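The values are calculated or read from the model by the stated rules, or taken from the named source; none is laboratory data. Note that the coordinates shown come from a computational prediction; the quantities given were computed from them, not determined experimentally. In this analysis, Cβ positions are derived from the backbone assuming ideal geometry, glycine residues included, and neighbour counts consider all displayed protein chains. The accessibility values were calculated without ligands, DNA or RNA, using every heavy atom of the protein model including side chains. Shrake-Rupley method; radii C 1.70, N 1.55, O 1.52, S 1.80 Å.
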Amino acid sequence: MIFLAPATLGFVVFYIWPTLRGAYLSFTEYSLLSPPEFNGLANYERMVQDSFFWNALLVTVEYVVINIGLQTVLAVGIAMLMYRLTQSITIRAIVLAPYLVANVVVALVWYWMLDFQIGIVNQFLTLVGIDPVAFFGDSHWAIPTVAGINVWRHMGYTALLVFAGLQTIPKYVYEAAEVDGSTEMKTFWRITLPLLRPVLVMVLVVTMIGSFQIFDTVAVTTMGGPINATRVIYYYIYERAFTRFDFGYASAMAMVLFAILAVVSLLQLRLLRAKESDLA
């Protein structure tokens, strides 16, 4: 108990108390200039009629779908290549390297590289005869670009999680498949993916929660633009709380986001049978 006390204290102070405080503030009208005043469900009723909230939620869902789809596919591909071709620790370190760089630094570097006028990517496109692309200035490109940046940073870490899962699959399963004449593709779809399911469920849940919490990349590159095309829910909550000092309404949106994440996570765990293994 003594050894658990510091961690328990930190969990209560930095997680439990802020959550309870946020839940209370969500039922109040509160700014830094006046004490909280209870207003019942007014913030939640306001949220239902707030077009900016629904737009932010839709933009976030778009980002989550792109991010999880690309990241999972690339991570599984990289993990399979490492598992089949090389298990070098050096290669693993190289794959993990982008994840070790701070999100803000990654966002800044890519912001410069993808700049419409001086970015090296658009310079290359011009060199090969393609018109420059406003990656952050075009509403059609903005969210895919933000998602691509975060996929580049996180796919190495996700790949290592999948790689660890691959190492838990017994060798005799693949040997039996080879004896039966199974092709690489059939082995992957009928053996590897089913046996990776518990790991993939964990990866999907963690990635989904992290994707809904996207903030720093948007704050550094687009600041919610162009025309709200990248104003994700976390950034909208930040704007309401720390730009307009509407802490009650921001807390209500945070509570709704918490509920969405909890429900989606539980559904993923239940529908994908996270606690079951196909190995038996």
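Descriptive notes on the structure:
- Counting 0.36 nm for each residue step from residue 223 to residue 94 and taking away their Cα separation leaves a gain of 43.4 nm.
- Note on residue 167 and residue 188: their simple-model spin labels are 2.2 nm apart, each label 7 Å out from Cα toward Cβ.
- Debye intensity ratio I(q)/I(0), log10, the stretch 21-122, q values 0.11 Å⁻¹ (C-alpha model): -0.71
- Net dipole in debye of the stretch 1-144 [+1 Lys, Arg Cβ; -1 Asp, Glu Cβ; about Cα centre; nearest 20]: 660
- In plain terms, the chain from residue 1 to residue 179 could stretch by 58.8 nm, reckoned as 0.36 nm per residue minus the Cα-Cα distance.
- Protection proxy ranking, peptides 56-67, 40-51, average beta carbon neighbours within 10 Å, highest first: 56-67, 40-51
- Span-like helix check, the chain: qualifying full DSSP H segments, with Cα axial length of 20 Å or more and mean Kyte-Doolittle of -1.0 or more, are 51-85, 142-166, 193-212, 247-271.
- For the chain, the equivalent ellipsoid built from the Cα gyration tensor has semi-axes of 38, 28, 17 Å, listed from largest to smallest.
- With coordinates expressed along the principal axes, the C-alpha atoms belonging to the stretch 149-200 extend over 42, 19, 14 Å, beginning with the largest.
- About its Cα centre, the chain has a charge dipole of approximately 580 debye under the convention of +1 per Lys or Arg Cβ and -1 per Asp or Glu Cβ, with nothing else charged.
- P(r) tail, the stretch 187-243: Cα-Cα pairs separated by more than 16 Å, 57% of all pairs.
- Computed lengthening from residue 269 to residue 126, 0.36 nm per intervening residue step minus Cα-Cα distance: 46.8 nm
- Percent accessible area from carbon and sulfur atoms, the chain, protein chains only, probe 1.4 Å: 71
- Between residue 34 and residue 14, the FRET efficiency from the beta-carbon distance, with R0 = 25 Å, is close to 0.45.
- Considering all C-alpha pairs of the stretch 154-265, those separated by over 22 Å amount to 54%.
- Per residue value of the accessible surface for the stretch 35-102 (all protein chains in place, 1.4 Å probe), Å²: 59
- Relative counts (whole %) of C-alpha pair distances in the stretch 1-63, using bins that are 5 Å wide: 4, 15, 13, 15, 16, 15, 10, 7, 4, 1
- Using just its DSSP H runs of length 4 or more, each adding -39500 (n - 2.57), the chain gives a mean residue ellipticity at 222 nm of -20500 deg cm²/dmol after division by all residues.
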